[in-house]
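First up is the structure itself, then whatever we jot down about it.
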Amino acid sequence: LSIDGKQLAVGVRELVSHIVIKELDGGPLSKLTTGSSNHWRAAWMPDGRSVAFVLQPIGPGTNRDIHQRLADGSRPATLFLDLDENVNKVIFSQDGTWLLYQTGTVPGQRDLYARRLGSDSSIALATSSADEMAPALSPDGHWLAYVSNESGVPEVYVRPFPNTADGRWQISTAGG
């Protein structure tokens, strides 16, 4: 959902995945991404005008990186963040200071990281030998919720953000 609540950015699957923008006042549905690459996991950027998404070109040896595009489609998509590992999800803090992302695309390799916007380095949020995925930030940006399968089944955990060393609590039982 866009910051002003008037648009929705969502992935749709055709032959490949694309991002579309839906005007919620009954307006049109328009494609934001096109081409033969997969585009998914849309997230509105802090400027409220742009959408970030994961792009994976089709073919062997390709890497999933974060791209961005103005939601009105008036300019081509540009590379936002190029990492050595595959990115599988991206979110932004509501105050626009943090980018959180999930790396890894196969079980056993999924981890969570954060990067202050404008910085060249990331901090590890949850990077154990288990899978950590599905990051979500509280509206005030002080709590990180995520899913980990460290207990043998996926469970939901919360911890302070950005200082994740201050504790962690499992908040689901029997799977989350």
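Rule-based calculations on the coordinates, nothing more; no lab input. Nothing here was measured: the structure is a model prediction, and the numbers come from that model. Please note: Cβ atoms are built from the backbone with ideal geometry, for glycine as well, and neighbour counts cover all protein chains shown.
Overview of values
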read-out	value
Potential extension, Thr62-Asp25 segment - 0.36 nm per residue separation minus Cα distance	9.5 nm
Stokes-Einstein D (µm²/s) once Rh is taken as the Kirkwood radius of the range 64-147 over alpha-carbon pairs, at 20 °C in 1.002 mPa s	158 µm²/s
Cα-based shape type of the range 1-55, given that a ≥ b ≥ c are square roots of the gyration tensor eigenvalues and the cut on a/c is 1.5	oblate
Inter-label distance for Ser129 and Arg116, nm, one decimal - labels placed 7 Å from Cα along Cα-to-Cβ	3.4 nm
When the convex hull of its Cα atoms is projected in every direction, mean area for the chain (nm²)	11.2 nm²
